[in-house]
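Below: the structure, in structure tokens.
Values quoted throughout were computed directly from the atomic coordinates according to the rules given, and no laboratory measurement underlies them. Not measured: the values here are computed from a predicted model. Positions of Cβ are generated from backbone atoms using ideal geometry, with glycine treated the same way; all protein chains shown enter the neighbour counts.
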Amino acid sequence: MKNQSINGYVADELAVKVKYLSIALSQAKSIISKLEQENHRLQDVLISLASQNNEDYILDSEAFDESVYTVR
């Protein structure tokens with residue numbers, strides 16, 4: 001009889017944990033979907049900015065006459 005009550009308790013606990021994990025997974029999928037949409041919007045903005053004529057734009061470092069270093 002004790003084994004049945006212990007098994008029932010364990011099964012109930014597992015069911016609760018599965019429920020909460022399912023909710024968390026659903027929320028994570030929703031967050032990922034929103035991030036993917038935002039990523040596409042940011043890519044579109046970046047492509048739009050990169051395709052514009054940027055002759056009038058300067059880098060921040062150029063505005064302050066700072067050296068720009070590159071690694072080779």
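For Leu25 and Ile6, calculate 0.36 nm times their separation in residues minus their Cα-Cα distance, and state this gained length in nm to one decimal.
Between Leu25 and Ile6, full extension yields 4.0 nm more.
Could you check the simple spin-label distance between Leu46 and Lys34, using points 7 Å along Cα→Cβ, in nm with one decimal?
Inter-label distance under the simple model: 2.2 nm.
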